[in-house]
């Protein structure tokens, strides 16, 4: 039997990492075995270099780098679901949202659907206005290429809304108002999960 696979999604600065960590702690307090996945992974060097202005990648090459990273870890994801709940900070939904800007969302969805994916049991979309997300991110660190681009993030947020409405990759999506206090966001996440 596979344990549940829960994905947290949203634009940079919406609080995904904080809430993923909180969810992992909650599961462990409830004596549930639980593991974390985070994308892009440390092995996605080309992606990291691109985001930090150390490498140039055109749209299709960048999309492929994200997909390759995700696909490389599908076997580990399958194995980890046999060990416990898997909480993921991003997944291929982010790849569609981010790499689908400039009117490319439909073609990116079509490309992603050609691959075999472990399907999430629940996608939690932490929705936050871009201005607020950018303030959060700039308070944490120097923003990367995506985090510093307001127009880009606005397009990504619109894409997340489209993916949420069509239930891309998962039959159960929950939109969480990430403009609330973190404890209230965590409470909404708890309420969305069936233990």
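Numbers for the structure displayed
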| read-out | value |
| --- | --- |
| Candidates 76, 137, 119, ranked by Gaussian network fluctuation over the chain, Cα under 10 Å, top entry | 76 |
| Packing-based order for 185-194, 98-107, using average beta carbon neighbours within 10 Å, highest first | 98-107, 185-194 |
| Convex hull of region 81-195 built on C-alpha atoms - directionally averaged projected area, nm² | 8.3 |
| Residue order, fewest to most surrounding Cβ atoms within 10 angstrom, among 72, 95, 18 | 72, 18, 95 |
| Over region 5-192, relative contact order from alpha-carbon pairs under 8 Å, at least 6 apart, % | 34 |
| Sorted peptide list for 109-116, 122-129, 57-64, criterion being average Cβ within 10 angstrom, highest first | 122-129, 57-64, 109-116 |
| For the chain, convex hull volume per residue from C-alpha positions, Å³ | 115 |
| Sorted peptide list for 44-55, 81-92, criterion being average Cβ within 10 angstrom, highest first | 81-92, 44-55 |
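FYI, it's all coordinate maths here, none of it is from the lab. Please read these numbers as outputs of a predicted model, since none were measured by experiment. Note that we place each Cβ from the backbone using ideal geometry, even for glycine, and neighbour counts take in every protein chain shown.
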